[in-house]
Structure formats: structure tokens, C-alpha cells
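To start, the structure itself, in C-alpha cells.
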Amino acid sequence: MPASLSRPSIPSGLKLLNWFLSGWTALVFIFLYVPILVLVVYSFNSSRLNIVWESFTFDWYARLLNDGPLIRAAKNSLVIATVTTVLSVILGTGGAWLLHRYRYRAARGIQTLVAIPMVMPEILMGISLLILFATAGMNLGFTTVIIGHVTFCFPFVLVAVQARLQGLDPALEEAALDLGATPLQAFWRVIVPCLQPAIVAGALMAFTLSMDELIVTFFTRSAAATTLPIQVYGLARVGLNPMLNALSAIFIVATVAFVLFSDYLQKLGRR
Amino acid sequence: MIEIRGVTKRFGSFTAVDNLSLSVRAGEFLTLLGPSGCGKTTLLRLLAGFEMPDEGVILLDGQDVSHLPPYRRSVNQVFQSYALFPHLSVRDNVGFGLRMQNVPAPEAAARVAEALEMVSLREQADRLPHQLSGGQRQRVALARAIVCRPKVLLLDEPLSALDAKLRHNMQLELKHLQRRLGLTFVFVTHDQEEALTMSDRIAIIHRGRIEQLGAAGEIYHRPRTPFAADFIGQANLLQVAVVGRNGTTARVRVGGGLELTVASAELPAGARTALVSIRPEKICISKQRLDTENLFEATIEEEIFQGATDQLRLVTTQGTRLHALVANESAMQEAFHEGDRVYCGLHLDDLVIVQAE
Ligand SMILES: Nc1ncnc2c1ncn2[C@@H]1O[C@H](COP(=O)(O)OP(=O)(O)O)[C@@H](O)[C@H]1O
Ligand SMILES: [Mg+2]
């Protein structure tokens, strides 16, 4: 695909509109990013209050790293999000391929059923999962949280992969079979590489969704499987704490680094 | 090499291939020719193993492969869309089949290099498919199939995405390659000129059946059905009544009263009407009387310049309309103009009976 087709700039006759649009764009960015900036700045503020600037300190970061429960919750979240992502990618990609490749009588029904968790209110999902686990006699813990997360994460992978499959030449699989690949080999060596951008996008989506999920987790966790959002929510209820600013700042840096890194990977892949 | 026996393929209530039998000889270039939707692709897919026949058997080298999956058949296909793997380099695309067949790496590398050499793509070996031109992609697709040394190579309209000039070059190149390597090709096209240029034999397919099978020249000169006559080249198709027989010839009359002499060999005894096909270029046009079995007068109604040839629309004294082609050999030649009265000569052999009742 051509990376950059030259696009015309806005006609000069529309100067006024142009000014207005520039202003608007600036406002949107201010609205989006100023709070984040303020948050990061105040994570270095020695005062407990978010409104007054006292002096520069790393104190909150130090406290954060020494806060056992918070660190444990962060670890839990990472483990849960990672497992959820892996399972979602397997289920989502496999499901999309099967739905695309073979004809099922219930294909339409399956499609709808898969899409519902994406739009269903989380509170409903949390309660229904809780009832399910209780009925099945399952103890709440990591497993139940992960099952809950996969339920609403894998449809995002599936939908992304399906969109990509729509545009894929059906002859690609046939060509692989023709050259001696079994259906499984054709899937691994030809289809999966072709779907890779969609799989990566779906995986990122699943990871992020799982990472900051609160409500479903709330219903399906045990004390041992407390995740970061739940721990943070608990802390914030007691009163704002600059330690949370520090935590957020770390996440922002990690997110930005991650986005830049995946951009870099994509560029490498394209070459 | 391939033996197709009574193969039928249905999609729902629609019969795409209808009780078709055909044998492909080793080393030949066989073309399946027919209009869009006649079942050519379906037949090819049956040979490749992407479709399974509802009835009949397909033998490859004497072995029944009718229900073997594609990865168990030693045939390979060149796809209309080329279907190159977008994430693999040219080299890896070509090497894919050998890898799947667990050919040892050094041997595979040598065979890939040889195949790339054959299609003159050695310099592009490390490019990705999207960095190639249409003609180059076509050649990668070809190399990728040939490198597996298939017993039969199947090609589904492989040239249809190329522009006219490149297409013509590729036709010759493909034909040359097939001859040099002694491969068996089954080639699908709806382009009759392409079929005539490349094929040893042509099978004209119509509604899932073989309308006529024969050498390219035979198909052109001796079409046996009205469809075959009309589909290949141009043809004047005349409905005639049989008015008399005289040993090896017969007299037939066209609607308006024009009488012609035909060879009676192809006219079954007792036939009363027939359909006669005349190729436009077989009609000899002259201002002088000609020494041919058939001679009649006509007026040139319209003349269309076509470069190497002139297309003439004629109407005979009896009112029968014909079109003829005359070569524009040199400026010195007899020139024909609209409104001229001319003699039209036809040899016995050039009147082909394509139907008789
Ligand atoms: N998978 C299929 N399902 C239903 N109908 C099909 C299928 N494949 C082909 N056909 C039908 O079979 C007929 C022949 O198709 P095809 O073999 O592709 O023709 P050709 O290649 O000669 O143009 C067409 O009318 C097409 O609609
Ligand atoms: Mg076709």
C-alpha cells in the first residue's frame, strides 16, 4: 500500500474557517493533554495537596514502590492482562478464521452472540458471571477474573481479524494447499502472517481493556486476585493521594513508550 | 497423463460441469476455451482438488485422485490473481512448495535459483511481491508452480490482468517455456486468439460440456458445431436447404436463392437442412471471374479499414449478406470500394457444415 498519497491542503479561500478549525483543534488537544501534564507535574510535588506547588521530590515514587498491596495489584493486573490477551488472540483469530472459512448454519447467530459482550453493560456482565461461577461452584480468583476478561476482550480481536479476512484473497489459502501445505500449515504459514496487523491491533485492544477493567473484575475477583484498578479505586475513595499521580505518570510513560515501540516494529516489518 | 471420465459437478441445482470426459496427453499444451461462466474454472479446480466431483473419476498417471485433497496431488496451479504470499520475498514464495515437501535446503535453494533464472527474476529474488510489476508477479507465480515439477501445470486465465503488449510477449514466453521443459499445461482462457496462439489442442467448453476438441488448426478450419464456429474467429453462418446430391458433392440453397456446392461427406444421408459456416477470409474477392467450385456476384455495401485487413460487407445478387476479409497486401493491389460489383469465389473445403438435420 502506498504510504503517503499527496493530499491537497485546504483551499486558501477558506481562511476564516481554517483559523476556526485550527483553534478548535488546539482546544481539543489542550482539553485532552493539559490534565495529564498537570498530573505528571504534581507527581513531583512535595505537598500532599494537588493545588499548591511546594517543592520538587521523588518521594511519592519511593512510597509507591514500597506500597506492597499496590505493587502486588499491579503484578496481578499484568498477569491477568497478559493471559487474557493470549487467550483472546487464540480464540478471536481461530474463531474468525473458522467463521470465515467454513459455512455454519448458525453463523449469523454466532456472530451476534459474539458481538453482544462488546456492548453489554459491564455491571450486567459482572453480575451474570458471578451467578454463573457461583452456580458452577467455582471459587473466585485469577481463573474467574481471566474468564470474565476474555469474555469481553476476545470479540474485539475477532472483529478486527474478520475485517482483515474480508479483504484477503481466497486464492492465498488455495495456493498454499496447492503447493503441498496441509490446511493447518496453510493457516500458520500464510493466513496468520497476512492477518498479523489485525491480530496485533486486537491484542493491544484486549490488553488495554483488561488492564483497566474495574466492574467485571470487581464481581469476579477474590482478595488475592485484586487488580490495579480496584486497588487504586480503593485508595482514591479515601482521598486523593499524590502517590496515584506518580502511578499514573509511570503508566503514561509506559504507554507512550509502548506506542512508539510498536510504531517502530511496524516500520521494521514493512521494510 | 490426466484422464477425466464422466465428471459432473453441481452447485445446488446448477450443473457447472456436465458428464465431461477428456484426456490430457503428456507434454501437450491443452486449452480449455469458452465464454465466461461455462465451467472452465470449475473443471480446473476439480483437477487441482479444490472441488470434488459429484460423479465420475479423475485419473492422474493412472491413479484415481478424484477425492484427494490438493496437497496430495502432484499438479500445481497458476492463479488468475497470482495469489503470491505478500509477506514472503520472491525467493521464499518460489521456495514455499519445496519447503512444504521437505526438500532438503541445499537442493531447494538450487532449484529455486534455477526457477528464478528461468523466468529472469534472479535480481528481484529479495523483493516483496508488492514491489514488482504485474508481469514480474506473473512470472513469480509461474516459477513458484514450476519449481515443484508438477506432472501437470494448471493455469487459470493467467494473463488476463496484463496489458495487451505484455500479454502477447508472455504468451510466447509461456509457450516457449512449456516446449523447452516438456511440461503438460492445461490452460484456461476465454480469449480465442490466445487459445489459437498457444495451444496444441483446444477444448471448446459450452455449458459444462466439451463442444469440440481438436488441434488448434482443426478447431479453426473445421468447426463441428454452430457454437464452435461462432466462438472461434468470425464466421458467416448460413441456414441452407439441401436440394440435390451428386456423388461427393451436394447442392444447397440459401434463403434468397443463392445456390452453393458443398462436400457431401459431412452431410448425413437424408439431411434436408443444414447450417454452413464460412470464414470471412476464405471468400476470394475479385473483379475477374475466378476458377472456384462456387462463384457468385455481390455488391460491396461497406468497407472498413482495419490496418492489415479490410473488412467488407457484401450483399449477393440474391440478397444474402456476408462479410469478408481481404488483406491489404500492397498499395498496388486491386482496390475495392463501396458500391463495387465483385466476384466471390469459395472452394469446396471452405464451406463447413456445422449442423444438419
Ligand atoms: N462455489 C460455487 N457455488 C455456486 N456456483 C458456482 C460456484 N463456483 C462456480 N459456480 C457457478 O458455476 C458456473 C461456472 O463457473 P466457472 O467454472 O467459474 O466458469 P468460467 O471459469 O468458465 O467463467 C458459473 O455460473 C458460476 O456461477
Ligand atoms: Mg473462470
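The values are calculated or read from the model by the stated rules, or taken from the named source; none is laboratory data. Everything numeric in this text was worked out from a predicted model, so none of it was measured. Here Cβ is always computed from backbone atoms with ideal geometry, including for glycine, and neighbour counts include all displayed protein chains.
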Going by what's in this entry, would B:D291 be described as of a type outside the set (G, A, S) and loosely packed, with under 13 Cβ neighbours inside 10 Å? yes
Quick one: would you say A:S222 is in contact (Cβ under 8 Å) with a residue 12 or more places away in the chain and surrounded by 19 or more Cβ atoms within 10 Å (Cβ to Cβ)? no
Against the condition among the acidic types (D, E), within 16 Å of ligand 1 (Cβ to nearest atom) and within 14 Å of chain A (Cβ to nearest Cβ), how does B:D156 come out, does it pass? yes
Restricting attention to region A:111-146, report how many residues are in a loop (DSSP other than H, G, I, E, B) and touching a residue at least 60 places away in the same chain (Cβ under 8 Å). 3
Among (1) closer than 21 Å to B:A143 by Cβ; (2) within 11 Å of chain A (Cβ to nearest Cβ); (3) more than 16 Å from ligand 1 (Cβ to nearest atom); (4) modelled with pLDDT under 95, B:G27 falls short only on (2)
A:L268 vs (1) touching a residue at least 12 places away in the same chain (Cβ under 8 Å); (2) under 24 Å from the mean Cα position of the chain (by Cα); (3) within 14 Å of chain B (Cβ to nearest Cβ): all pass except (1)
Here the residues within region B:62-73 that are within 9 Å of chain A (Cβ to nearest Cβ) and surrounded by fewer than 17 Cβ atoms within 10 Å (Cβ to Cβ) are B:P69, B:R72
Flagged pairs (Cβ under 7 angstrom, 6 or more apart or on separate chains; first in region B:27-42, in contact (Cβ under 8 Å) with a residue 24 or more places away in the chain; second within 6 Å of ligand 1 (Cβ to nearest atom) and part of a strand (DSSP E or B)) are B:G39/B:A16; B:T42/B:A16
Would you be able to say whether some residue in region A:62-82 is over 29 Å from A:T217 (Cβ atoms) and either in contact with a Gly (Cβ under 7 Å, 6 or more places away or on another chain) or not in a helix (DSSP H, G or I) (or both)? no
Take B:K165 and tell me if it is away from ligand 1 (no atom under 16 Å from the Cβ) and under 19 Å from B:Q77 (Cα atoms). no
Of all residues in region B:116-134, which are assigned to a helix (DSSP H, G or I) and within 13 Å of another protein chain (Cβ to nearest Cβ)? B:P129, B:H130, B:Q131
Please go through region B:74-88 and give me each residue that is more than 16 Å from ligand 2 (Cβ to nearest atom), assigned to a loop (DSSP other than H, G, I, E, B) and either within 8 Å of chain A (Cβ to nearest Cβ) or buried (at least 17 other Cβ atoms within 10 Å of the Cβ) (or both), ordered by number. B:L84, B:F85, B:P86, B:H87, B:L88
Considering region B:30-44, residues that are outside any loop (DSSP other than H, G, I, E, B) and either within 14 Å of chain A (Cβ to nearest Cβ) or within 6 Å of ligand 1 (Cβ to nearest atom) (or both), and then whichever is nearest to B:Q212 (Cα to Cα), we arrive at B:K40
So, in region A:80-130, of the ones that are polar (S, T, N, Q) and buried (at least 19 other Cβ atoms within 10 Å of the Cβ), which residue ends up farthest from A:H149 (Cα to Cα)? A:T93
Residues satisfying the stated conditions in region B:28-39, i.e. near ligand 2 (Cβ under 10 Å from one of its atoms) and within 19 Å of B:L60 (Cβ to Cβ): B:L32
Just to check your reading of the model, which residue among B:R149, B:R137, B:R180, B:R144 is assigned to a loop (DSSP other than H, G, I, E, B) and of a type in the set (K, R)? B:R149
Any residue at all in region B:200-210 that is away from ligand 1 (no atom under 16 Å from the Cβ), crowded, with 20+ Cβ neighbours inside 10 Å, hydrophobic (A, V, I, L, M, F, W, C) and away from chain A (no Cβ under 14 Å)? no
Being within 13 Å of chain A (Cβ to nearest Cβ) and assigned to a loop (DSSP other than H, G, I, E, B) is the filter here; which residues of region B:45-61 pass it? B:G49, B:F50, B:E51
Which of (1) out of contact with any helix residue (DSSP H, G or I) (no Cβ under 6 Å at 6 or more places or on another chain); (2) more than 10 Å from every other protein chain (Cβ to nearest Cβ) does A:R221 not meet, given it meets every other one? (1)
Mind checking which pairs have a first residue in region B:103-120 that is more than 19 Å from B:R180 (Cβ to Cβ) and a second that is surrounded by fewer than 14 Cβ atoms within 10 Å (Cβ to Cβ), Cβ under 7 Å, 6 or more apart or different chains? none
Yes or no: region A:174-187 includes at least one residue that is touching an Asp or Glu at 6+ places or on another chain (Cβ under 8 Å), closer than 23 Å to B:P158 by Cβ, within 14 Å of chain B (Cβ to nearest Cβ) and of a type outside the set (K, R). yes
Going residue by residue through region A:198-205, is there one that turns out to be surrounded by 19 or more Cβ atoms within 10 Å (Cβ to Cβ) and either free of Cβ contacts under 8 Å to residues at least 12 places away in the same chain or within 11 Å of another protein chain (Cβ to nearest Cβ) (or both)? no
